[in-house]
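This report concerns only the one structure given below.
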Amino acid sequence: MFMLLTHSQPCFFSFYTNNINMASGQQWVLVEMVQAFYEAPAYHLILEGILILWIIRLLFSKTYKLHETYRLTEKEKEDLIEEWQPEPLVPPVSKDHPSLSYDVVTGPPSHNIIINGKECINFASFNFLGLLDNERVKQKALASLKKYGVGTCGPRGFYGTFDVHLELESRLANFMKTEEAIIYSYGFATIASAIPAYSKRGDIIFVDEAACFSIQKGLQASRSFIKYFKHNDMEDLERLLKEQELEDHKNPRKARVTRKFIVVEGLYINTADICPLPELLKLKYKYKVRIFLEESMSFGVLGEHGRGVTEHFGVNIDDIDLISANMENAVASIGGFCCGRSFVIDHQRLSGQGYCFSASLPPMLAAAAIEALNIMEEDPDIFTVLREKCKHVYTALQGTPGLKLVGVQFAPALHLQLERSSGSRDSDMQLLRTIVEYVSPTRGVALTLARYLEKEERFLPSPSIRVVVTIEQTDQDIQKAVSCIQEAASAVLK
Amino acid sequence: CVLSFRICNVRQLMWASRCIEKWQESFEQAPMYVAVMTYLGFGIVTLFGYLRDFLRAVGLEKCHLAQEREEQKDFVPLYQDFENFYTRNLYMRVRDNWNRPICSLPGPVFDLMERVSDDYNWTFRLTGGTIHNAINMGSYNYLGFAENNADFLKTVADKTRQYGVGVGSTRQEIGNLGIHEELEQLVANFLRVESSMTFGMGFATNSMNIPALVGKGCLILSDELNHTSLILGARLSGALIRVFKHNNMHSLEKMLREAISSGQPRTHRPWKKILIMVEGIYSMEGSLVRLPEIVALKKKYKAYLYLDEAHSIGAVGPTGRGVTELFNVNPSDVDVMMGTFTKSFGAAGGYIAGKKELVDYLRSHSHSAVYATAMSPPVTEQIIRAMKCIMGKDGSTEGERIHKLAENTRYFRARLKEMGFIIYGNDDSPVVPILLYMPGKVVAFAREMLERKIGVVVVGFPATPITEARARFCLSAAHTKAMLNQVLHHMNEVGDHLCLKFSRLKYSSCPNLHDEKDFELGS
């Protein structure tokens, strides 16, 4: 409309200024205007007339907003609020849900464990180096208790940093031969706080499918793009990295600010095998991706001095950007730590949520961890002894009727899975549970089913029985356990 | 005996009615010039920051920051420059006020390790000296259970000798010890609920259990000032999060009405559950939750309530049962009661308590029960002993420590207000934030108090809004009147010296706030 109007206007002007003699600039004379009207062509006048009528209509028509038709009245709101019925806060759990009844351990969960009143040999706690009831560790914890009490009453930033913490951090850094270490007060929170501190929205993380639950929670908290590669399959990882490289070429500006990480475990807790670290390093330098290594199961187990999978493969520890481990397995304390170069680790002191916003590790637990480190440093032979025992158990459990052993031979926490699955997870679990109950407590060997949250795991591992090897198990113990398991398997799985 | 029982009840009623009638919460605004000076201060420091960065880039100033390895120089940088601007240029200059190491028990007095920096706070060096017997106004030691008295800790020492410190397994596998079950029973008794479950870390209690309770298709209404652990738990759950203004019931009700009537965004399907998340005491503000009003709202709109009593359990209420006792609310009205053992019990860990169905569900579906190590035995024993002491089961008077804490709180707050400082929060909260506003004053205050052998905690941006930097005092039942007087004396001096008395209200402490004393018959 306006275009027509503006277009017609100049025609109007030019038409009439041509016809009318304009004296002294552009002065309109009313009479001459009226004269112009009479001389205008009919279509022009009609068009102008229509335009003016349209403008008048638009000016006076009622305006309406689109969403007014969707706005609810007060009465409708009241009705909806009346009608709404929420789901119950928690869905009902049946009384005989298998995860509901916990086995009660009276007394310490050490080598000889009392479960549900029966004494058994412990093949289920992650007490690899047997430090759970070591006298020296207990004495140090008691000394610390006498000095510091139990709790720290504050996070690290607000008078929760004790000299014990500083000592433990420097001891861990020395032990692992890295620049710096940082400790957390809970093992699960360690890698779950470390990953989101570095990787943010828009970054890319390549993770192994068999990564443990705490890694998955860390990934979820980071909000980055997660790409899973098949377990221990370096070709699959390389394929994903190549695809990413092509993407980067298409958009170099974005690629310059997108950080990329690979997260793997040293010894996987779900599959008890080892990650191929040298190949990962090759991929790291080829595709410029940083590596985060989770060593909860391999710290204090692999390597000549127990330094984990980097020592096992003879890899330079500075090549790994971050090593994270919990102190709840080999070190037999509570908590976790991350170690690496200062450039990387120092960042967590302000951005690690589990570090900044949570109370620090109780000093007696830190003192216990320091003493455990002392023991590990004084006597590196324990690692060789542990690996020998692992090998012994591994070979002994081969050929169990109906069960297959999953894991590498130097892994201390192995899995026994059903050779042939019955088709449904529930019945598999039931069979394995029967085997466990057959063996412990009646036969005096404590075993446990590996537990998972079935609905939350991304790649749910198959049901299995966990078999944990500790340094305190004698040959007779191992013999007894193996024979019990084989007996149970043949009885239950015939 | 019967008389003392009746006195206890009367005392409780008096306490509760006082709290509801006189809702004494104040958040006084500072004069305008203070805000102006604060922004000016930040502006100047930021300009200097840019100057320093420029000098470092040009090479005139040495860069103290750790650098990336040579071999990885062509990788994508791990940190973006602007992300670290604040850390590099503002925080670094004043970071000697945080992470101060101590070498004694975190009781009412403690020993600080002397720490100096030779290069303007880039690195620290411990001189080996100690600042002995500094007064501790920063640790969360509300009931004074951070103690190392051998008699009191006898049971803890016994358990350490018997069990060791570690557990080595998760609750569902083989880490469920007899004392864990004993503790859970005791916690349920203490809170007067059906059942409870404990976890090894307070932070993780929130981040691992909220995802088990709510999921996609649920709505979480979270208070503006909720703790990071609650926010992380809410984010991990996948539910939609809406934030309502701090302690503002109108905002909450409006949101509830809006949410229920319009349903989920875009699809308009009805919500599966609505969970209101609040805390008992907000640690940065010192304010208490308006529990009776929230319970009324939640009943009206059929929502569920998640109450995080990290700071309030053990610290408020006539017998230390938390905000439910303080406001005389039935504990079964709160659907999920969560709390931590770090603050009032001098240990570590957290709990969730409520109806038996809730706790049974968590036993089978909580992330912590399946994947995280169980609580350490000595820590468990410490909580048991502390709880028995609070409940009066081990021979000590019930409510003795909490009474001392309440006395200390009221006295301290009244005296500070009298002096002219701006204090935030409720009169009954043992967390006392004193507003300092300007970044320079915050740092000067902390350093000055350290010279006078008083350890304080200061917080600034980003934990608080940029113009409201504060010092936060945490009172303890173990603080004696003499210690508090000494602190107040020094506060007075430092307040005058640094011009920190911004309050424009005239306050005179009431002659006698201790009504309960009139009822104390007998010795």
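The values are calculated or read from the model by the stated rules, or taken from the named source; none is laboratory data. Quantities reported herein were computed from a predicted structural model and do not represent experimental measurements. With ideal geometry, Cβ positions are generated from the backbone for all residues, glycine too; neighbour counts draw on all protein chains shown. Remember, those area values only see protein heavy atoms, side chains included, never the ligands or the DNA or RNA. Shrake-Rupley method; radii C 1.70, N 1.55, O 1.52, S 1.80 Å.
General remarks:
- Every listed requirement among (1) surrounded by fewer than 13 Cβ atoms within 10 Å (Cβ to Cβ); (2) at pLDDT 85 or above is met by B:Val94 save one, (1).
- Each residue in the stretch B:203-239 was checked for being basic (Lys, Arg) and at the interface with chain A (Cβ under 10 Å from one of its Cβ atoms), and 1 of them qualify.
- In the stretch B:269-305, the residues that are more than 10 Å from chain A (Cβ to nearest Cβ) and in contact with a Pro (Cβ under 6 Å, 6 or more places away or on another chain): B:Gly286
- Meets criteria (basic (Lys, Arg), more than 9 Å from chain B (Cβ to nearest Cβ) and closer than 29 Å to A:Asn374 by Cα) for A:Arg307: yes
- Pick from the stretch A:67-84, criterion in a loop (DSSP other than H, G, I, E, B) and at the interface with chain B (Cβ under 7 Å from one of its Cβ atoms), ranking: modelled with the highest pLDDT: A:Trp84
- Within the option set B:Arg52, B:Arg88, B:Arg95, being within 30 Å of A:Lys147 (Cβ to Cβ) and either in contact with a His (Cβ under 8 Å, 6 or more places away or on another chain) or not in a loop (DSSP other than H, G, I, E, B) (or both) holds for one residue only, B:Arg95.
- Restricting B:Gly280, B:Gly238 to those that are within 30 Å of B:Gly138 (Cβ to Cβ) and free of Cβ contacts under 8 Å to residues at least 60 places away in the same chain reduces the list to B:Gly280.
- Selected residue [of a type in the set (S, T, N, Q) and either open to solvent by 10 Å² or more (accessible area, probe 1.4 Å) or part of a helix (DSSP H, G or I) (or both)] from A:Thr178, A:Thr152: A:Thr178
- Screening A:Thr63 against (1) facing chain B (nearest Cβ under 7 Å); (2) of a type in the set (Val, Ile, Thr); (3) farther than 30 Å from A:Ser358 by Cα leaves a single unmet condition, (1).
- Selection of the stretch A:439-458 for residues being outside any strand (DSSP E or B) and under 20 Å from A:Ile114 (Cβ atoms) yields A:Val439, A:Ser440, A:Pro441, A:Thr442, A:Arg443, A:Gly444, A:Leu447.
- Helices (runs of 4 or more DSSP H) fully within the stretch A:205-321 that include at least 3 residues being polar (S, T, N, Q): A:213-222.
- Residue within the stretch A:385-399 that is open to solvent by 40 Å² or more (accessible area, probe 1.4 Å), charged (D, E, K, R) and within 11 Å of another protein chain (Cβ to nearest Cβ) present: no
- Neighbours by Cβ (under 6 Å, 6+ apart or cross-chain): first from the stretch B:48-60, surrounded by 11 or more Cβ atoms within 10 Å (Cβ to Cβ); second part of a loop (DSSP other than H, G, I, E, B) and not aromatic (Phe, Trp, Tyr): B:Leu55/B:Glu61; B:Arg56/B:Cys63
- Number of residues in the stretch B:23-53 that are acidic (Asp, Glu) and over 26 Å from the mean Cα position of the chain (by Cα): the value is 1.
- Of all residues in the stretch B:339-364 being more than 7 Å from chain A (Cβ to nearest Cβ) and more than 24 Å from the chain's Cα centre (by Cα), the one that is surrounded by the most Cβ atoms within 10 Å (Cβ to Cβ): B:Leu362
- For the stretch B:171-183, residues that are more than 7 Å from chain A (Cβ to nearest Cβ) and open to solvent by 10 Å² or more (accessible area, probe 1.4 Å) total 1.
- Test: residue in the stretch B:293-304 that is open to solvent by 10 Å² or more (accessible area, probe 1.4 Å), touching a residue at least 40 places away in the same chain (Cβ under 8 Å) and not in a strand (DSSP E or B): yes
- When residues of the stretch A:312-370 are limited to those that are of a type in the set (Val, Ile, Thr) and over 11 Å from A:Thr190 (Cβ atoms), the one nearest to the other protein chains (Cβ to nearest Cβ): A:Ile334
- Selected residue [more than 11 Å from every other protein chain (Cβ to nearest Cβ) and open to solvent by 20 Å² or more (accessible area, probe 1.4 Å)] from B:Ser332, B:Ser312: B:Ser332
- Residue in the stretch B:477-485 that is touching a residue at least 40 places away in the same chain (Cβ under 8 Å) and closer than 25 Å to B:Gln29 by Cβ present: no
- Flag if A:Ile375 is more than 30 Å from A:Leu416 (Cα to Cα), more than 10 Å from chain B (Cβ to nearest Cβ), in contact with a strand residue (DSSP E or B) (Cβ under 8 Å, 6 or more places away or on another chain) and open to solvent by 10 Å² or more (accessible area, probe 1.4 Å): no
- In the stretch B:87-108, the residues that are more than 14 Å from A:Gly154 (Cβ to Cβ) and at the interface with another protein chain (Cβ under 8 Å from one of its Cβ atoms) form Cβ pairs under 6 Å with partners that are surrounded by 19 or more Cβ atoms within 10 Å (Cβ to Cβ) and at pLDDT 90 or above, at six or more places apart or across chains, as follows: B:Cys103/B:Met113.
- Selection from the stretch B:437-470 of residues that are more than 14 Å from chain A (Cβ to nearest Cβ), outside any loop (DSSP other than H, G, I, E, B) and out of contact with any Leu (no Cβ under 8 Å at 6 or more places or on another chain): B:Tyr437, B:Gly440, B:Val443, B:Arg447, B:Glu451
- Selection within the stretch B:154-167 - within 7 Å of chain A (Cβ to nearest Cβ) and open to solvent by 10 Å² or more (accessible area, probe 1.4 Å): B:Ala157, B:Arg161, B:Gln162, B:Tyr163
- Positions within the stretch A:306-363 being over 21 Å from A:Thr161 (Cβ atoms) and open to solvent by 40 Å² or more (accessible area, probe 1.4 Å), in sequence order: A:Arg307, A:Glu311, A:His312, A:Phe313, A:Gly314, A:Asn316, A:Asp318
- B:Tyr163 vs. criteria over 20 Å from B:Ala446 (Cα atoms), among the aromatic types (Phe, Trp, Tyr) and more than 28 Å from the chain's Cα centre (by Cα): yes
- Any chance A:Ile204 is within 22 Å of A:Leu280 (Cα to Cα), more than 9 Å from chain B (Cβ to nearest Cβ) and surrounded by fewer than 23 Cβ atoms within 10 Å (Cβ to Cβ): yes
- Taken as a whole, the condition of being basic (Lys, Arg) and farther than 20 Å from B:Gly168 by Cα applies to B:Arg385.
- Beta carbons closer than 8 Å, at least 6 apart along the sequence or on distinct chains, pair a first residue in the stretch B:185-196 that is closer than 15 Å to B:Leu362 by Cα and open to solvent by less than 20 Å² (accessible area, probe 1.4 Å) with a second that is among the basic types (Lys, Arg) and in a helix (DSSP H, G or I) for B:Ser195/B:Lys356.
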